[in-house]
Amino acid sequence: MPPDRPQLLIVEDDQNFARALSRSFERRGYAVFLCDRAETLPGILTACAPRFAVIDLKLVGGSGLECVKLLHARDPEMRIVVLTGFASIATAVEAIKLGACHYLAKPSNVDDIEAAFARADGDSSVGLTPRHSSIKTLEWERIHEVLAETGFNISETARRLGMHRRTLARKLSKHQVE
């Protein structure tokens, strides 16, 4: 591999999406490494030293936030973008606190991700938009706040919120951001 090719790590458990993202980044000159779960990440990091990472927030059997924490501890200069179909204010705040440089809701493409890698600072000129919070929006944000607190453990989140696990799963599947 030529030394000038930037290394990129993609942590995504959807095999088709991971392959498509990988091919797109490879066409743009990146050396891409794939990982499908948080447990295998330390082993993959013995074979690569990525400068960039794209992390799916919700992984089978775990949270992408754990990956963000591990990667940031390993290299605080790494540009980490969290990509999710389950966007919420609580998880966005936690991702940034743990070391992500950006948080994008799906669908996002390679252009969006590269733009996020390139943005080093926040943009204070972003306009404020009026936000009308409905009960459903407040409930959705509270659910995700507790999900983040529990490391995306559905059973523990349901217990803390005082609802049945199936009810919580149904609410999560209905409000998924795609």
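The values are calculated or read from the model by the stated rules, or taken from the named source; none is laboratory data. Everything quoted here is computed from the prediction, not taken from an experiment. No Cβ is skipped: glycine too gets one built from the backbone with ideal geometry, and neighbour counts run over all protein chains shown.
The table below lists the values:
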| read-out | value |
| --- | --- |
| Which numbered condition Val54 misses (of (1) in contact with a Ser or Thr (Cβ under 8 Å, 6 or more places away or on another chain); (2) under 25 Å from Thr150 (Cβ atoms)) | (1) |
| Which listed residue is surrounded by 14 or more Cβ atoms within 10 Å (Cβ to Cβ), in a loop (DSSP other than H, G, I, E, B) and either over 15 Å from the mean Cα position of the chain (by Cα) or at pLDDT below 90 (or both), from Pro76, Pro107, Pro50 | Pro50 |
| Which listed residue is within 15 Å of Met78 (Cβ to Cβ) and either of a type in the set (Lys, Arg) or in the same structural domain as Lys69 (by TED's automatic domain parsing) (or both), from Ala47, Ala38, Ala53, Ala18 | Ala53 |
| In the stretch 94-114, the residues that are under 22 Å from Arg28 (Cα atoms), without any contact (Cβ under 8 Å) to a residue 24 or more places away in the chain and of a type in the set (D, E, K, R) | Asp111, Asp112 |
| Residue within the stretch 14-26 that is within 17 Å of the chain's Cα centre (by Cα), assigned to a strand (DSSP E or B) and on the phi < 0 side of the Ramachandran plot present | no |
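Per-residue answers, yes or no, for (1) in a loop (DSSP other than H, G, I, E, B); (2) at pLDDT 85 or above:
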position: Phe117; (1), (2): no, yes
position: Leu128; (1), (2): yes, no
position: Trp140; (1), (2): no, no
position: His144; (1), (2): no, no
position: Ala148; (1), (2): no, no
position: Glu156; (1), (2): no, yes
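One line per residue, one yes/no per condition, for (1) out of contact with any Asp or Glu (no Cβ under 6 Å at 6 or more places or on another chain); (2) assigned to a helix (DSSP H, G or I); (3) at pLDDT 80 or above; (4) at positive phi:
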site	(1), (2), (3), (4)
Ala90	no, yes, yes, no
Lys97	yes, yes, yes, no
Asp121	yes, no, no, no
Ser125	yes, no, no, no
